[in-house]
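Data block below; observations after.
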Amino acid sequence: MLLGQTYFGLGRKLEGEAVRQRALRIIEKHLELHPDDARALYLGAAGLFQVGQRERALEWARRTLSVDPDDPMVLYNVACSYALLGLHEDAISCLERVMAKAPLAHCIKSGRSKIRTLIPSAAILAFRPC
């Protein structure tokens, strides 16, 4: 997915699209063998969004949560997908769960209104899953 972004950034849209489609095919084949691979699912969700397959992206994001609902990395990346898809309340919910699991969460005194300001950033970062 990152190579596709690189091509797009260089103005090489056709090559970027081809690379993204190839990456999605690889992820789909991987998931045939490892259907519970949360990382493949959230990378795939971001990729599906990038190629305009919003409904499948949402399906994969939800599937990711069903596989590993408590992993902070999963929650963060699903929040990014939700933000891109316009599901801001769901994104906020995931981010709140991440904050609750963060090692320094007890030091963070941010309320829901502050988390809302993270949504645009989360949407941007969704193109760079961890």
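Read the figures in this text as sums done on the coordinates, not as results from a lab. Since the structure is predicted, the reported quantities are computational estimates derived from the model, not experimental observations. Cβ sites come from the backbone with ideal geometry, for glycine too, and all protein chains shown count toward neighbours.
A few points about this structure:
- Estimated inter-spin distance, Asp36 and Glu17, nm [label 7 Å along Cα→Cβ]: 3.8 nm
- Residues Thr64, Thr6, sorted so that the one with the fewest Cβ neighbours within 10 Å comes first: Thr6, Thr64
- Using θ = phi - 60° in the Karplus curve 6.51 cos²θ - 1.76 cosθ + 1.60, the 3J(HN,Hα) couplings for the range 59-68 round to 4, 5, 4, 5, 4, 4, 5, 6, 7, 9 Hz; x is entered for Gly and Pro.
- Phi angles of the range 43-48 translate, via the Karplus equation with coefficients 6.51, -1.76, 1.60 and θ = phi - 60°, into HN-Hα couplings of 5, x, 4, 5, x, 4 Hz per residue; Gly and Pro are given as x.
- Relative contact order (percent, whole number), the range 9-103, Cα cutoff 8 Å, 6+ residue spacing: 20 percent
- The range 61-96-the range 1-42 distance, computed between alpha-carbon centres (Å): 19 Å
- Contour minus Cα-Cα distance for Gln53 and Met73 (0.36 nm per residue): 4.9 nm
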